[in-house]
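The values are calculated or read from the model by the stated rules, or taken from the named source; none is laboratory data. In this text the structure is predicted, and so the values were computed from the model without any measurement. Don't worry about glycine lacking a Cβ; one is built from the backbone with ideal geometry, like all the others, and counts go over all protein chains shown. In case anyone asks, the SASA skips ligands and DNA or RNA and just uses the protein heavy atoms, side chains included. Shrake-Rupley method; radii C 1.70, N 1.55, O 1.52, S 1.80 Å.
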Amino acid sequence: NAGVMQNPRHLVRRRGQEARLRCSPVKGHSHVYWYRQLPEEGLKFMVYLQKENIIDESGMPKERFSAEFPKEGPSILRIQQVVRGDSAAYFCASSTADGTDTQYFGPGTRLTVL
Amino acid sequence: QKEVEQDPGPLSVPEGAIVSLNCTYSNSAFQYFMWYRQYSRKGPELLMYTYSSGNKEDGRFTAQVDKSSKYISLFIRDSQPSDSATYLCAMSDSGGYQKVTFGTGTKLQVIP
């Protein structure tokens, strides 16, 4: 009865490299949300996806960031050409339904950009 | 001005004390109100979920929402050392999906 799984838990990248963060939702959940948590700040919504569709990416930076949730496999948050300001904890959440269901959070991926 | 304001603390209380955690908000469209608990290096865990104004009780936890004042509270009775964590308030409007706006969190330490 696994919850939301995220990997890796810790990721270190040098400036200019790519970071790929993975999220496997709770079994049976078809809705995935990505959040970013900067030190001393609250969680910030980034993107909401359903299988093979991006529903709302209004919280995503326009450049370098992309997300997908393919028909098979985990959801991926990709950050290209990372900069030090990308260092943060990235959380994935999943839910069964649109809007009214509770979101269950994963343990997060802590990205450090050197 | 942030949409949701929350005192970051830290808040230290002795074991057994009643804890009061609070948030204020500015967006009158918010209808759903939540409290999450986040242990260090872990993901947030939903504690309480309320719709519109009123009170909700669950064991030692009571959530209060006052929409007229744009103010929400979480009370923890008989606090335990295991309650030591960061508590995040969160809220959303009645859109078709929940894009939740979080407070910055209040760090609570319950001292044995």
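Yes/no per residue for (1) surrounded by 19 or more Cβ atoms within 10 Å (Cβ to Cβ); (2) among the hydrophobic types (A, V, I, L, M, F, W, C):
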position: A:L21; (1), (2): yes, yes
position: A:H31; (1), (2): yes, no
position: A:E57; (1), (2): no, no
position: A:P61; (1), (2): no, no
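Might you check whether a residue that is assigned to a loop (DSSP other than H, G, I, E, B) and under 29 Å from A:V4 (Cα atoms) occurs anywhere in the range B:51-59?
Yes, the conditions are met somewhere in the range B:51-59.
Quick check on the range A:35-56: of everything there that is in a loop (DSSP other than H, G, I, E, B) and within 11 Å of chain B (Cβ to nearest Cβ), which residue is farthest from the chain's Cα centre (by Cα)?
A:E40
With respect to A:L43, is the statement that it is under 23 Å from B:Y87 (Cβ atoms) and open to solvent by 20 Å² or more (accessible area, probe 1.4 Å) true? Outline the logic, then answer.
Values: under 23 Å from B:Y87 (Cβ atoms): yes; open to solvent by 20 Å² or more (accessible area, probe 1.4 Å): no.
Spelling it out, it is not the case that A:L43 is under 23 Å from B:Y87 (Cβ atoms) and open to solvent by 20 Å² or more (accessible area, probe 1.4 Å).
Specify which of the listed residues (B:K56, B:K107, B:K70) is charged (D, E, K, R) and within 11 Å of another protein chain (Cβ to nearest Cβ).
The conditions single out B:K107.
Return the only residue of B:L108, B:L46 being part of a strand (DSSP E or B), aliphatic (A, V, I, L, M) and either modelled with pLDDT under 90 or closer than 19 Å to A:G106 by Cβ (or both). Full working, then the answer.
Working: B:L108 fails: either modelled with pLDDT under 90 or closer than 19 Å to A:G106 by Cβ (or both).
The match here is B:L46.
Looking only at residues in the range B:51-84 that are under 18 Å from B:V19 (Cβ atoms) and among the polar types (S, T, N, Q), which one is most open to solvent (accessible area, probe 1.4 Å)? Quick ask: steps written out before the conclusion?
The first filter runs over the range B:51-84 and keeps only residues under 18 Å from B:V19 (Cβ atoms), leaving B:55-65, B:71-84.
Among the residues that remain, those that are also among the polar types (S, T, N, Q) are: B:55, B:62, B:64, B:73, B:79-80, B:82, B:84.
Details: B:N55: 113, B:T62: 17, B:Q64: 68, B:S73: 5, B:S79: 0, B:Q80: 50, B:S82: 74, B:S84: 36 Å².
Checking each candidate, the answer is B:N55.
Return the residues of the range A:68-87 that are crowded, with 20+ Cβ neighbours inside 10 Å and part of a strand (DSSP E or B); say none if nothing qualifies.
Here is the first cut: in the range A:68-87, the ones crowded, with 20+ Cβ neighbours inside 10 Å are A:69, A:75, A:77, A:79, A:82, A:86.
Passing the criteria: A:S75, A:L77, A:I79.
What number goes with the only condition from (1) polar (S, T, N, Q); (2) more than 8 Å from every other protein chain (Cβ to nearest Cβ); (3) more than 10 Å from the chain's Cα centre (by Cα); (4) open to solvent by less than 30 Å² (accessible area, probe 1.4 Å) that A:Q103 does not pass?
(2)
Tell me, yes or no, whether the range A:103-114 has at least one residue that is at pLDDT below 90 and under 21 Å from B:Q38 (Cβ atoms). Don't jump to the end; show me each part of the working.
At the first step, the residues of the range A:103-114 found to be at pLDDT below 90 are A:103-104.
The next check asks that each one be under 21 Å from B:Q38 (Cβ atoms); those that pass are A:103-104.
Yes, because at least one residue in the range A:103-114 is at pLDDT below 90 and under 21 Å from B:Q38 (Cβ atoms).
When you go through A:R14, A:R84, A:R64 one by one, which is the residue that is more than 30 Å from B:D7 (Cα to Cα), away from chain B (no Cβ under 14 Å) and touching a residue at least 40 places away in the same chain (Cβ under 8 Å)?
Answer to the selection: A:R14.
Just a yes or no: is a residue in the range B:39-48 within 13 Å of the chain's Cα centre (by Cα) and farther than 30 Å from A:H10 by Cβ?
yes
Against the condition away from chain A (no Cβ under 11 Å), open to solvent by less than 70 Å² (accessible area, probe 1.4 Å) and free of Cβ contacts under 8 Å to residues at least 12 places away in the same chain, how does B:G43 come out, does it pass?
It is false that B:G43 is away from chain A (no Cβ under 11 Å), open to solvent by less than 70 Å² (accessible area, probe 1.4 Å) and free of Cβ contacts under 8 Å to residues at least 12 places away in the same chain.
Out of everything in the range A:22-34 that is assigned to a strand (DSSP E or B) and in contact with a Cys (Cβ under 8 Å, 6 or more places away or on another chain), what residue ends up being farthest from A:V113 (Cα to Cα)?
In this case the residue turns out to be A:V32.
Of the conditions (1) surrounded by fewer than 21 Cβ atoms within 10 Å (Cβ to Cβ); (2) of a type outside the set (A, V, I, L, M, F, W, C); (3) within 10 Å of the chain's Cα centre (by Cα), B:Q6 satisfies every one except a single condition; which number is it?
Every condition holds for B:Q6 apart from (1).
Which of the residues spanning the range B:19-40 are more than 13 Å from B:F102 (Cβ to Cβ) and crowded, with 19+ Cβ neighbours inside 10 Å?
Within the range B:19-40, B:V19, B:L21 qualify.
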